[in-house]
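Structure record follows, encoded as structure tokens.
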Amino acid sequence: MSHADRILMGPGPGNPYPEVIEAFGRPVLGHLDPDFIALLDEVNDRLRQVFLTENPLTFPVSATGSAGMEATFVNVLGPGDVVVVGVNGVFGERMCDVASRCGAEVVRVEAEWGTAIDPQALLDAHPSPKVIAVVHAETSTGVRNDIQPIGAGKGDALLLVDCVTSLGGIPLEIDEWGVDLAYSGTQKCLGVPPGLSPVTVSNRAIEGFVEKSQSWYLDFSMIASYVTGGGARAYHHTAPISMIYALHAGLGVVLDEGLENVHARHRACGERLQDGLVKRGFELFAQEGNRLPELTSVIVPLDRLPSGADEAGVRRRLLTEYGIEIGGGLGPVAGQVWRIGCMGHTARERNVTMLLGALDEILG
């Protein structure tokens, strides 16, 4: 089976939109070409529409979502600053690691994997943190954490949110919810290959920038004067031209379909998949009421695996015999949980039907 025929339903990259594939074939302009600069400005405008924000400092970081995470932290945290971090999966843990490397005092608020963080517990964890950080859609567990009540009660703290698996998949309202810094990735619900990290930063967060970021490449103050309207455009680094083309196309698809319609498509596919799994006797892993439609976590049915097979073997059969890729568990749930993505262009009911049928044939 050709790699091009595979259905990518793992927690990582999904199948890109056809318009995105076409965009990669465009002639490459210079990164300072006026036509490219105009297109980059349009990308930033489209990102504001998808993030639902008016933040001038909204743009794609030229690296993957992990760089977006690091960028948001290193620009607002320095030695001795206090950050409260919600931890209920791999990426909350990673936030703690990044924040500690900034020299910050990290206050952890933990919840059991598969359950959501209590927003009030985050607000009560410290009387005056500089930053409260939480993952909106925890990719390692399929859990959605509630952001709106944290923004409503954050006080003087900056609210920093990981939106890697939520942007373009489920409702996310940066300005309405009081989010000060957010980052995402292109490879999830935006239907674009990995390579860029959309970020948005409030003016309030800009006022809280550290005097000198520990990273030169990710130092937002070096470009903020232009995007906030106060200075001339400065050359900072060579932009990845073709990836910007792709993001421009992917955002165009999302906006043409309409955010509400895109959210509804993701929701319909997630519900169909989760209902189908439950009807087949599977147990869903993520907490009811906080389950992501775009990423379903399900407990591996160890008692139903074919004789002599393990869970990784079943995933290999799905890939080699049916061309369907799903993801395994991470950390303490490795080998115990499957993570099934319905994101971006992959969020189609036909893909759900094919996966359920393939599981029927393998597991009986």
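Just so you know, all these numbers are worked out from the coordinates, no wet-lab data involved. Note that the structure is predicted; figures quoted are calculated from it, not measured. Note that we place each Cβ from the backbone using ideal geometry, even for glycine, and neighbour counts take in every protein chain shown.
If N is the number of residues in region 51-178, what value comes out of its Cα radius of gyration divided by 2.2 N^0.38 Å?
So region 51-178 has a normalised radius of gyration of 0.97.
Please list log₁₀ I(q)/I(0) at q = 0.13 Å⁻¹ for the chain, using the Debye equation with identical point scatterers on the alpha-carbon positions.
For the chain, the Cα-only Debye profile gives -1.01.
Before anything else, pin down the relative contact order of region 18-257: Cα pairs under 8 Å, at least 6 apart, normalised by residue count, whole percent.
That works out to 28 percent.
At 0.36 nm per residue, and after removing the present C-alpha to C-alpha distance, how many nm does the segment from Glu211 to Arg280 gain when stretched out fully?
Length gained, Glu211 through Arg280: 19.2 nm.
Out of every Cα-Cα pair in region 7-98, what percent are more than 15 Å apart?
It works out to 77 percent of all Cα pairs.
Given a Förster distance of 22 angstrom, what is the FRET efficiency for Glu349 paired with Asn261, based on the Cβ-Cβ distance and rounded to 0.05?
0.95
Would you calculate the separation in nanometres between label points at Ile37 and Tyr235, each defined as 7 Å from the Cα along the Cα-to-beta-carbon direction?
Here the modelled spin labels are 1.2 nm apart.
Using the Cβ atoms and a cut-off under 11 Å, what net charge is assigned to the surroundings of Leu77, where Lys and Arg are +1 and Asp and Glu are -1?
-1
Restricting to DSSP H runs of at least four residues, report the calculated mean residue ellipticity at 222 nm for the chain, -39500 (n - 2.57) per run over all residues, nearest 500 deg cm²/dmol.
-11500 deg cm²/dmol
Would you kindly give the portion of the calculated P(r) for region 260-364 that falls above 20 Å, as a percent of all Cα pairs?
Of the Cα pairs, 35 percent sit more than 20 Å apart.
Any cysteines in the chain with zero other Cys Cβ atoms under 4.7 Å from their Cβ? List them, or say none.
Lacking a cysteine Cβ partner under 4.7 Å: Cys96, Cys102, Cys163, Cys189.
Among Arg350, Arg101, Arg315, which one shows the highest mean-square fluctuation when the chain is modelled as a Gaussian network with alpha-carbon springs under 10 Å?
Of Arg350, Arg101, Arg315, the most mobile in the Gaussian network model is Arg350.
How many nm is it between the label spots at Glu105 and Glu176, if each spot is 7 Å from the Cα in line with the beta carbon?
Simple spin-label model gives 3.6 nm for this pair.
Given Cα pairs under 8 Å that are at least 6 residues apart, what percent is the relative contact order of region 167-306?
Once divided by the residue count of region 167-306, the mean separation gives 21 percent.
Put a dot 7 Å past each Cα toward the Cβ at Leu356 and Thr320; how far apart are the dots in nm?
Rounded to a tenth, the inter-label distance reads 2.8 nm.
When the chain is modelled as a GNM with alpha-carbon springs shorter than 10 Å, which of Arg94, Arg26, Arg272 fluctuates the most?
Arg26
Give, in nm to one decimal, the length gained when the segment between Asp124 and Val28 is fully stretched (0.36 nm per residue of separation minus the Cα-Cα distance).
29.5 nm
In whole percent, what relative contact order does region 110-203 give with Cα contacts below 8 Å and a gap of six or more residues?
After rounding, I find 22 percent.
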